[in-house]
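The values are calculated or read from the model by the stated rules, or taken from the named source; none is laboratory data. Predicted, not measured: the structure shown is a model, and the values here were computed from it. Here Cβ is always computed from backbone atoms with ideal geometry, including for glycine, and neighbour counts include all displayed protein chains. In case anyone asks, the SASA skips ligands and DNA or RNA and just uses the protein heavy atoms, side chains included. Shrake-Rupley method; radii C 1.70, N 1.55, O 1.52, S 1.80 Å.
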Amino acid sequence: MPEIDAWLMLSGTIFTVGLVGVIIRRNMITVLMCIELMLNAVNINLVAFSHRLGSLEGQVFTIFIITVAAGEAAVGLAIIIQLYRLRSSINVDEARELNG
Amino acid sequence: MNLTPLLEAHWINAILPELVLCIGGMFLILFDAFAPKARSLTGPIAVVIFILCAWSQRFVAVGTFFGGTYEVGGITRVFDITFVLAGILCTLLSADYLEREGITGGEFYALLMWGTVGMMMMAKGLDLLIIILGLELLSICIFVLLGFQRRLPVSNEASLKYFLMGAFATGFILYGTALFYGATESTNINVMARWFANPDVTITPLLTVAFVLLMAGFGFKLALAPFHPWAPDVYQGAPTPVAGWLSVAPKAATLIALIRIFHAMGPVLPQTKWMTIVAWLAVLSMIIGNSVAIAQRDLKRMLAYSGIAQVGYMTIAMLTINEDAVASIAIYTIVYALMNLGAFGVISMLAKNQNDPQTLDDIAGLGWRRPFHALALAVCMFSLSGLPPTGGFVSKFYIFRTAVQSGHTGIALIGIITSIASVYYYLRVVYYLYMKESAEGQTRIDGGIFATGALAISIIGIFLIGIWPTPLFHAASYAAHLLLAR
């Protein structure tokens, strides 16, 4: 198996784990972690491609994704804290006031 | 990404509107911190900053900047009009809304400005990296803006739902981008375009997966069916002016980014089924959006479903990227900004607890109590349903004509039929405004001078474009021509 395929499979697996986690887990912190997993799978992908292509673009991209993920996590945690203050729980299903 | 030369001449002119908004936002936050007594001035100052941004467009340098990653041209100027217009309308509406809701703070407007910067980056980005950074800047601002009424459970819930959906969608977009990078060996759209234009290129399953992931991610952001379920909940819970802004401006930014990507893929699209996927998304959006909207009594939910349908119309034009398609989407987004923000504006003036839904009963008989506000809502509804002589008619006609000329007659027909069905729920609002008696203890309409000004801008804009669309058409067509000439 060529090297790149192994990396792609690894990143695909991690992405799927994150994806399934976001869908089935109800704890907001776990969901946030699963989203981070998805983003990190992308990073592995980009670095693997960057290595194979011999171009730096993928690695630059990765640095930016790490930064963006940090910003997103910060805002996400703030939203979760507010959810906890309002409902004393961080279960996603608690937030179900809005539906038509 | 060719990093030499790093900075071209006039680069500062290229990002002047963005700079104005960035610095303006920071100034507002500092103003808020150091002059707490003058907080009521933050709204007017924000409007002035947006107007400065529009004025700075005069000095913008046209061309490609930052190592071929940032393109400023005619079409980005046209879309900048949409973004700034949406920003000004939202600021005007928020000034009164925030005061009534007891929210003070310049950071509200600062986030609005930085979100606008994100959209401008998405429109001008010639590199997937810039587009995604713009998208993230925009998304993070929206997360905070949606949850701005943090003591209200619905606002927090809207923010939470958009955060989950947005972060999820970002994961999809990024994964698709990574796969495109692996296949085309670059994230630069021009380099990708050259790769796709190569006649020997073969479409591997990997590329199809990448496209599907990308479309799923952007579909979430656009609220295209079947990725739409977040939209009604988020709009209902969000502060109303923010909901109006969210329903308009980010969609425009996502559409122009998609236009660039689709244009780069142009040469291979005939040999793939990719556009069939997009066509199905459009058809589903139009049918689901228009049929579910009929059942809604909550005004914001109804507008959310109507927005899903409206994006469906715009997506029809995307099926074949040509000059008319790009121009019609540009015009549609401007008109859509005017009419949707106008409609949300009237709803934002309903003085009732924001935790409760704003339903049709709240506006019953409004036509006799507050004629101007009722007129504004009625005009927006007529325009949304696409009746002449409003801008909605002109732009919708242009979209469907473009689709028919590109050979998508069947889809255009579905669009026209669903759009006729949509007249029912839009005009039901007008019926409630004028034909229903207002009940005892009716919800008051609380509109200050700023919000009323925003409504006036909406009405004038809708009729201006509806009656005299030629200048805008010429500008948009010429801009689209320049974009696609490469």
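Applying 0.36 nm per residue to the separation of residue B:361 and residue B:29 and subtracting their alpha-carbon distance, the gain on full extension is 115.6 nm.
For residue A:33 and residue B:294, the FRET efficiency from 1/(1 + (r/R0)^6), where r spans their Cβ atoms and R0 equals 41 Å, is about 0.50. Pair-distance distribution P(r) for region A:26-91, from all Cα-Cα distances in 10 Å bins starting at 0: 21, 38, 23, 13, 5, 0 percent. Compared with its chain on its own, region A:21-57 contains the following residues whose accessible area drops by 20 Å² or more in the full protein assembly (probe 1.4 Å; ligands, DNA and RNA excluded): A:22, A:28, A:35, A:38, A:39, A:42, A:45, A:46, A:49, A:53, A:57.
Taking a sphere under 13 Å around the Cβ of residue A:65 and counting the other residues whose Cβ falls inside, with K and R at +1 and D and E at -1, yields a net charge of -4. Accessible-area loss of 40 Å² or more (1.4 Å probe, protein heavy atoms, chain alone versus all protein chains) is found in region A:84-99 for A:86, A:95, A:97, A:98. Computed from label points 7 Å out along Cα-Cβ, the spacing between residue B:372 and residue B:474 is 3.4 nm. Over region B:258-366, all Cα pairs binned in 10 Å intervals from 0 give whole-percent P(r) values of 13, 35, 28, 16, 7, 1, listed from short to long. Rounded to the nearest 20, the Cβ-based charge dipole of chain B about its Cα centre (Lys and Arg +1, Asp and Glu -1) stands at 480 debye. Taken across both chains, chains B and A shield about 3800 Å² of accessible surface from a 1.4 Å probe. For the pair residue B:482 and residue B:22, the difference between a 0.36 nm per residue extended length and the Cα-Cα distance amounts to 162.8 nm.
Just so you know, the Rg over Rh for region B:122-219 is 1.12, from Cα atoms, with Rh as the Kirkwood radius.
Counting only protein heavy atoms and a probe of 1.4 Å, the accessible surface of region B:4-484 is 70% carbon and sulfur.
Computed over protein heavy atoms with a 1.4 Å probe, the carbon and sulfur contribution to the accessible area of region A:6-100 reaches 67%.
Inter-chain Cβ neighbour count for B:358-366, averaged per residue, equals 0 (cutoff 10 Å, partner chain atoms only).
Mean partner shielding of peptide A:70-83, defined as the number of other chain Cβ atoms within 10 Å of each residue Cβ, is 5.
Among the listed pairs B:300/B:396; B:124/B:161; B:161/B:436; B:37/B:161; B:37/B:251, those with a Cα-Cα distance over 32 Å are B:161/B:436; B:37/B:161; B:37/B:251. Each pair of Cα atoms in region B:4-484 enters the Kirkwood radius, and Stokes-Einstein at 10 °C and 1.306 mPa s then converts it into a translational diffusion coefficient of 71 µm²/s. Between the C-alpha center of region B:338-406 and that of region A:1-68 there is a gap of 43 Å. Per residue, region B:228-295 exposes 24 Å² of accessible surface when a 1.4 Å probe is rolled over the protein heavy atoms with every protein chain present.
The modelled label-to-label distance for the pair residue A:20/residue A:91, using points 7 Å beyond Cα in the direction of Cβ, is 2.3 nm. Restriction of the trypsin sites (Lys or Arg not before Pro) in region B:114-212 to DSSP coil positions whose beta-carbon has at most 16 other beta-carbons within 10 angstrom yields B:151.
What's the center-to-center distance, using Cα atoms, between region B:414-461 and region B:210-261 in Å? Centre-to-centre (Cα) distance: 23 Å.
With R₀ fixed at 30 Å, the C-beta to C-beta distance from residue A:10 to residue A:64 puts the FRET efficiency at about 0.90. Applying D = kT/(6 pi eta Rh) to the protein assembly as shown, where Rh is the Kirkwood radius over alpha-carbon pairs, T corresponds to 20 °C and eta to 1.002 mPa s, the Stokes-Einstein value obtained is 89 µm²/s. Once you list every other residue whose beta carbon is under 11 Å from the beta carbon of residue B:304, what net charge do they have if Lys and Arg are +1 and Asp and Glu are -1? Result for the neighbourhood of residue B:304: 0.
Estimated purely from DSSP H runs of n ≥ 4, each contributing -39500 (n - 2.57), the mean residue ellipticity at 222 nm for the protein assembly as shown is -25000 deg cm²/dmol once divided by its residues.
Placing dummy labels 7 Å off each Cα toward the beta-carbon, the span from residue B:435 to residue B:463 is 2.4 nm.
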